[in-house]
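Only one structure is covered here, and it is reproduced in the block below.
The values are calculated or read from the model by the stated rules, or taken from the named source; none is laboratory data. Owing to the predicted nature of the structure, the values given are computational and were not obtained by experimental measurement. In this analysis, Cβ positions are derived from the backbone assuming ideal geometry, glycine residues included, and neighbour counts consider all displayed protein chains. Please note that ligands, DNA and RNA were not included when accessible areas were found on the heavy atoms of the full protein model with its side chains. Shrake-Rupley method; radii C 1.70, N 1.55, O 1.52, S 1.80 Å.
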Amino acid sequence: VMSETISNREVAVLRAAFLIGAVADGLIAVEWYLISLGRVDMPIHPSFFVGSGQDYQFVLGIAGLFMMGWAFLMYWGSLKPVERRGILLVTAVMLFIAIISDGLVFGHMLSARQIALGTSVKLFLVILFAGSYWYSKRNEH
């Protein structure tokens, strides 16, 4: 019944948001995992933070695996975007919490440029995911 009240355009917007999230998370997951293995020496995205040491590599490896899991979850959401659109809202909330955490918890470790870059990328995704979710709900009764 839900699919009868949603347009093809709304489905396409949801699917695009899911796929953008899947690609972004997948790329970051690969980057973080390669850094954790010591294969590449570069700042992590989206904040451009540079860490070092075995603890950093260990935690980044775990984070990369979870990020890949979220990439697959976003892809899975794209297969039935209307039924699974709640994942977009959960993701937007988690990204918003990450923005706050970056400033309050990790602000002393990041430069103003790093906070600005990380926040802008995350905020774009918050707007994309939450906006897509609400756009698809606008004509429901």
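So Tyr75 ticks every box in (1) more than 23 Å from Glu10 (Cβ to Cβ); (2) open to solvent by 30 Å² or more (accessible area, probe 1.4 Å); (3) within 14 Å of the chain's Cα centre (by Cα); (4) of a type outside the set (Gly, Ala, Ser) but one. Which box is left unticked?
Here Tyr75 clears every test but (1).
Determine, yes or no, whether Met42 is over 30 Å from Val11 (Cβ atoms), aliphatic (A, V, I, L, M), in contact (Cβ under 8 Å) with a residue 40 or more places away in the chain and open to solvent by 60 Å² or more (accessible area, probe 1.4 Å). Steps first, please.
Working: over 30 Å from Val11 (Cβ atoms): yes; aliphatic (A, V, I, L, M): yes; in contact (Cβ under 8 Å) with a residue 40 or more places away in the chain: no; open to solvent by 60 Å² or more (accessible area, probe 1.4 Å): yes.
The answer is no for Met42.
Please find, within region 25-39, the residue that is nearest to Ile87 (Cα to Cα) out of those that are among the hydrophobic types (A, V, I, L, M, F, W, C) and open to solvent by 50 Å² or more (accessible area, probe 1.4 Å).
Taking region 25-39 and keeping what is among the hydrophobic types (A, V, I, L, M, F, W, C), we get 27-30, 32, 34-35, 37.
Then drop every residue that is not open to solvent by 50 Å² or more (accessible area, probe 1.4 Å), which leaves 27, 30, 34, 37.
On the way: Leu27: 19, Val30: 22, Leu34: 27, Leu37: 30 Å.
Only one residue fits best here, namely Leu27.
If we keep just the residues of region 98-132 that are of a type in the set (S, T, N, Q) and surrounded by 13 or more Cβ atoms within 10 Å (Cβ to Cβ), which is modelled with the lowest pLDDT? Talk me through it step by step, then tell me what you get.
The initial filter retains those residues of region 98-132 that are of a type in the set (S, T, N, Q), namely 101, 111, 114, 119-120, 132.
Applying the additional criterion that residues be surrounded by 13 or more Cβ atoms within 10 Å (Cβ to Cβ) yields 114, 119, 132.
On the way: Gln114: 89, Thr119: 93, Ser132: 98.
Across region 98-132, the extreme among qualifying residues is Gln114.
Just wondering, is there one or more residues in region 81-91 that are over 17 Å from Ala17 (Cβ atoms), open to solvent by 50 Å² or more (accessible area, probe 1.4 Å) and not in a helix (DSSP H, G or I)?
Within region 81-91, the first condition is being over 17 Å from Ala17 (Cβ atoms), and the residues that meet it are none.
Among the residues of region 81-91, not one is over 17 Å from Ala17 (Cβ atoms), open to solvent by 50 Å² or more (accessible area, probe 1.4 Å) and not in a helix (DSSP H, G or I), which makes the answer no.
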